[in-house]
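Here is the structure we will look at.
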Amino acid sequence: MKPLPSAAVLAGAVLSLAAVTGCSVASKHAEHPEATPYAAEQATDPPAAEAAGAAPGGCPTAASLPLPKDFPENLPVPDGAVVTSVEHRTGGRLVVATVVRGGFDTTLAFLHKQLPKAGYLPEEGEVEEDDAESNFSSTTVQGRWTLRKVSDCEGGVYLTYLTSAVS
């Protein structure tokens, strides 16, 4: 994918960092140890937190949280994804953090193939060695996914979705 203009890159980086927080598909709110200051600045209410257990910076050690009821029903999530946290933010935004054990390249290929199949148009993305992100939209949902390798989890990657209803 081609690089974005500098202001868009900065905004995308902030959003992607805010989105990268968890491990599996679950519901309820929680902050991941990798959460950014953006998340704290954007939440006007303290987030209700619930998180799947994980070793610091590593693989999840507890069962996946359930996907929240307001997670877009047709938004593809890789098989075996462990939801590590769910955060409801102001403005109807939802952040779902997962850890996927399929490896960076496999998970990236899944996103590139399955999102368009499900009706989501990818926009303004970029891929680096251990990090990738992209905006996406459909007729009813706009969002951003971020993907980053987990340092202490063989084949593990953080996959985070930030979604909201199209206004």
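The values are calculated or read from the model by the stated rules, or taken from the named source; none is laboratory data. Note that this is a predicted model, so its numbers are computed, not measured. With ideal geometry, Cβ positions are generated from the backbone for all residues, glycine too; neighbour counts draw on all protein chains shown. SASA here: full protein model, heavy atoms, side chains in, ligands and nucleic acids out. Shrake-Rupley method; radii C 1.70, N 1.55, O 1.52, S 1.80 Å.
General remarks:
- Options 133, 87, 126: the member that is among the charged types (D, E, K, R), surrounded by fewer than 17 Cβ atoms within 10 Å (Cβ to Cβ) and not in a helix (DSSP H, G or I): 126
- Residue check, residue 66 touching a helix residue (DSSP H, G or I) at 6+ places or on another chain (Cβ under 9 Å) and in a loop (DSSP other than H, G, I, E, B): no
- Whichever residue in the stretch 91-123 is closer than 15 Å to residue 74 by Cβ and part of a loop (DSSP other than H, G, I, E, B) and, among such residues, is least open to solvent (accessible area, probe 1.4 Å): 120
- Any chance residue 138 is open to solvent by 10 Å² or more (accessible area, probe 1.4 Å), under 14 Å from the mean Cα position of the chain (by Cα) and farther than 22 Å from residue 64 by Cβ: no
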